[in-house]
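Q: Handing you a structure now.
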Amino acid sequence: QSALTQPASVSGSPGQSITISCTGTSSDVGSYNLVSWYQQYPGKAPKLVIYEGSKRPSGVSNRFSGSKSGNTASLTFSGLQAEDEADYYCCSYASSGTYVFGTGTKVTVL
Amino acid sequence: EVQLVESGGGLVQPGGSLRLSCAASGFTFRTYWMSWVRQAPGKGLEWVAKIKQDGSEKQYVDSVKGRFTISRDNAKNSLYLQMNSLRAEDTAIYYCAGYGVPYGIDIWGQGTMVTVSS
């Protein structure tokens, strides 16, 4: 049950596209397309932005998209905006029936 | 309004116990898988436990197995986390969370702080 690996920080200019990676193992990310992504502002509860790898909940901007290749899932922002500056966490269902979160990525809008 | 409200956090000594509660409203609680997720100060999110709609299935992260127990009372729309043998590393904000979409948490409480210190 080791945490999934994410880059500590990613930055980009407004309007730019950026991608956050989330690397796991064959026991979690690699075995299922069941990765979710969460946005968290300082002092606030997380918010779901992607589930089941690539699905967006109602009300979430279509600038967010999710994908997966092998043991690595990715969250892509198309057209970065100032309000996207936050921490982002991936989370995967695992073969043990549990879940595991990623280490978290701080997104900075330059 | 869909809402989860946690309570029961506080300061406890190492080795002590605490019971967290979570009151649900605005949605059909009995149809949701529920979880507890925690976040140590300045750190990332950590999944702690989950419980099936009828309470028949429960899973825990290895670090709390044998010490924490998740439970629910659907008649009271409430989720609980009994925490025993608490350690300093259990210090965190504990979030009550609901799976409204497959394998995704779309309902979060505001969190309750648990501090384990002498």
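The values are calculated or read from the model by the stated rules, or taken from the named source; none is laboratory data. For clarity, every value in this text was computed on a predicted model and none was experimentally measured. Cβ: placed from backbone, ideal geometry, glycine included. Neighbour counts: every protein chain shown.
Q: Which one of A:Gly70, A:Gly79, A:Gly66 is of a type outside the set (Ser, Thr, Tyr), at pLDDT 95 or above and loosely packed, with under 15 Cβ neighbours inside 10 Å?
A: Every option except A:Gly70 fails the conditions.
Q: Now for a separate question. Just checking, how many residues over segment A:10-47 are touching a strand residue (DSSP E or B) at 6+ places or on another chain (Cβ under 7 Å) and away from chain B (no Cβ under 11 Å)? Show your work before the answer.
A: Step one: filter segment A:10-47 for residues touching a strand residue (DSSP E or B) at 6+ places or on another chain (Cβ under 7 Å), giving A:10-12, A:14, A:17-24, A:28-29, A:32-41, A:45-47.
When the remaining residues are screened for being away from chain B (no Cβ under 11 Å), the result is A:10-12, A:14, A:17-24, A:28-29, A:39, A:41.
Of the residues in that region, 16 qualify.
Q: Still on this structure, I have one more. So B:Lys50 passes all but one of these: (1) facing another protein chain (nearest Cβ under 8 Å); (2) modelled with pLDDT under 95. Which condition number does it fail?
A: Tallying (1) facing another protein chain (nearest Cβ under 8 Å); (2) modelled with pLDDT under 95, B:Lys50 fails exactly one: (2).
Q: Quick check: anything in segment B:84-91 touching a strand residue (DSSP E or B) at 6+ places or on another chain (Cβ under 9 Å), under 22 Å from A:Ala45 (Cβ atoms) and hydrophobic (A, V, I, L, M, F, W, C)?
A: No, there is no match, as no residue in segment B:84-91 is touching a strand residue (DSSP E or B) at 6+ places or on another chain (Cβ under 9 Å), under 22 Å from A:Ala45 (Cβ atoms) and hydrophobic (A, V, I, L, M, F, W, C).
Q: Can you name every residue in segment A:1-49 that is without any contact (Cβ under 8 Å) to a residue 12 or more places away in the chain and either on the phi > 0 side of the Ramachandran plot or among the β-branched types (Val, Ile, Thr) (or both)?
A: Residue satisfying the conditions is A:Gly43 alone.
Q: Counting only residues that are within 20 Å of B:Glu46 (Cβ to Cβ) and of a type in the set (Val, Ile, Thr), give me the strands (runs of 3 or more DSSP E) lying completely in segment A:15-98 with at least 1 of them.
A: A:18-23, A:35-40, A:47-50
Q: Do we have B:Leu86 as part of a strand (DSSP E or B), of a type in the set (A, V, I, L, M) and away from every other protein chain (no Cβ under 14 Å) here?
A: So B:Leu86 does not fit the description; no.
Q: Still on this structure: Restricting attention to segment B:58-116, report how many residues are within 21 Å of A:Cys91 (Cβ to Cβ) and of a type in the set (Gly, Ala, Ser).
A: Residues in segment B:58-116 being within 21 Å of A:Cys91 (Cβ to Cβ) and of a type in the set (Gly, Ala, Ser): 8 in total.
Conditions (1) free of Cβ contacts under 8 Å to residues at least 12 places away in the same chain; (2) touching a Leu at 6+ places or on another chain (Cβ under 7 Å); (3) not in a loop (DSSP other than H, G, I, E, B), marked per residue:
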site: B:Met34; (1), (2), (3): no, yes, yes
site: B:Gly42; (1), (2), (3): yes, no, no
site: B:Val48; (1), (2), (3): no, no, yes
site: B:Thr69; (1), (2), (3): no, no, yes
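Q: Can you tell me which residues in segment A:99-110 are touching a Ser or Thr at 6+ places or on another chain (Cβ under 9 Å), within 17 Å of B:Leu45 (Cβ to Cβ) and either facing another protein chain (nearest Cβ under 10 Å) or among the polar types (S, T, N, Q) (or both)? Reasoning before the result, please.
A: As a first pass, look at segment A:99-110 and keep what is touching a Ser or Thr at 6+ places or on another chain (Cβ under 9 Å): A:99-103, A:105-110.
Still in the list and also within 17 Å of B:Leu45 (Cβ to Cβ): A:99-103, A:105-107.
Selection gives A:Tyr99, A:Val100, A:Phe101, A:Gly102, A:Thr103, A:Thr105.
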